[in-house]
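The next block holds one structure in the form of structure tokens; read it before the comments.
Every number in this text was worked out from the coordinates using simple rules, so none of it is lab data. Computed from a predicted model, the values in this text were never measured in an experiment. Don't worry about glycine lacking a Cβ; one is built from the backbone with ideal geometry, like all the others, and counts go over all protein chains shown.
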Amino acid sequence: MADDILTRTLEAARKDQETVRNGVPTAKLLDGLVFRDSVTHRDDRGSVTELFDPRWNWHPDPLVFSYMFSIRPGTVKGWGLHKLHEDRYFVVKGEMEVVMYDPRPQSSTCGQICRIILSADRPRLMNVPKFVWHADHNVGSEEAVIVNFPTIQYDHASPDKYRLPIDTPLIPFSFGAAHGW
């Protein structure tokens, strides 16, 4: 009987796949997605974390605008897409998962989902390429606070923002019980 249970459960199980090799994630990143680890300077008074410096030559577009937004725990902001600009995120507080779906026909990652965890515990910049659907999901237990350095200034009269509902059947991803829009 016990052998039967073992056999049935193992037949129904899915074996984990390799996710890290030599300390480097094995998941393929979307075309055009880049990161830049930030530097935090600590002393007995506290800390200073560098958010963005054009001398890093991290991104070809200059710093022209920035804003801060927050996401409550368990909440999703998305799906969104930009035709004219890239987002460049930096998490100041909390933890969020950025889920991206690449619909770009010319991209080698067309049709792929890419999930990235950004956290204040590992300060770094990340861009979201143009024409990539993305959703920001607070996966932590506190409010997430994010600074965005988009590559163009926000146009209040004609926002460069296209939306789909978070449960759209057009994107092969589910946020489960998370809520948002």
Amide H of Ile152: which non-local residues (sequence gap of 5 or more, or other chain) have their own amide H closer than 5 Å, using H built in the peptide plane?
-> Glu86
One point scatterer per Cα, no solvent, Debye formula: log10 I(q)/I(0) for the chain at q = 0.15 Å⁻¹ comes out as -0.96
For Lys28, the aspartates and glutamates lying under 14 Å Cα to Cα, once residues fewer than eight places off in the same chain are dropped, come out as Glu18, Asp102
Which length gain, in nm to one decimal place, applies between Thr168 and Ile152 when the Cα-Cα distance is subtracted from 0.36 nm times their residue separation?
-> 3.0 nm
Could you work out how far apart the two model spin labels at Ala13 and Lys93 are, taking each label as a point 7 Å from the Cα in the direction of the beta carbon, and quote it in nm?
-> 4.2
Between Val34 and residues 5 or more places away or on another chain, the pairs with built amide H atoms under 5 Å apart involve Asn127
Using only helices, what value at 222 nm comes out for the chain when you add -39,500 (n - 2.57) per DSSP H run of length 4 or more and divide by the total residues, to the nearest 500 deg cm²/dmol?
-> -2000 deg cm²/dmol
Report ³J(HN,Hα) in whole Hz for each residue of segment 69-79, in order, from the Karplus equation J = 6.51 cos²θ - 1.76 cosθ + 1.60 where θ = phi - 60°; Gly and Pro get x.
-> 9, 10, 9, 6, x, x, 9, 10, 10, x, 5
Filter the chymotrypsin sites (Phe, Trp or Tyr not before Pro) in segment 9-115 down to the DSSP loop ones having no more than 11 other Cβ atoms within 10 Å, then list what survives.
-> none
Enumerate the aspartates and glutamates that Lys161 could reach by cross-link, defined here as Cα to Cα under 14 Å, with residues fewer than 8 away along the same chain left out.
-> Glu86, Asp87
May I ask for the angle, rounded to the nearest 10°, between helix 2-12 and the longest principal axis of the chain, with both axes built from Cα atoms and the value confined to 0 to 90°?
-> 40
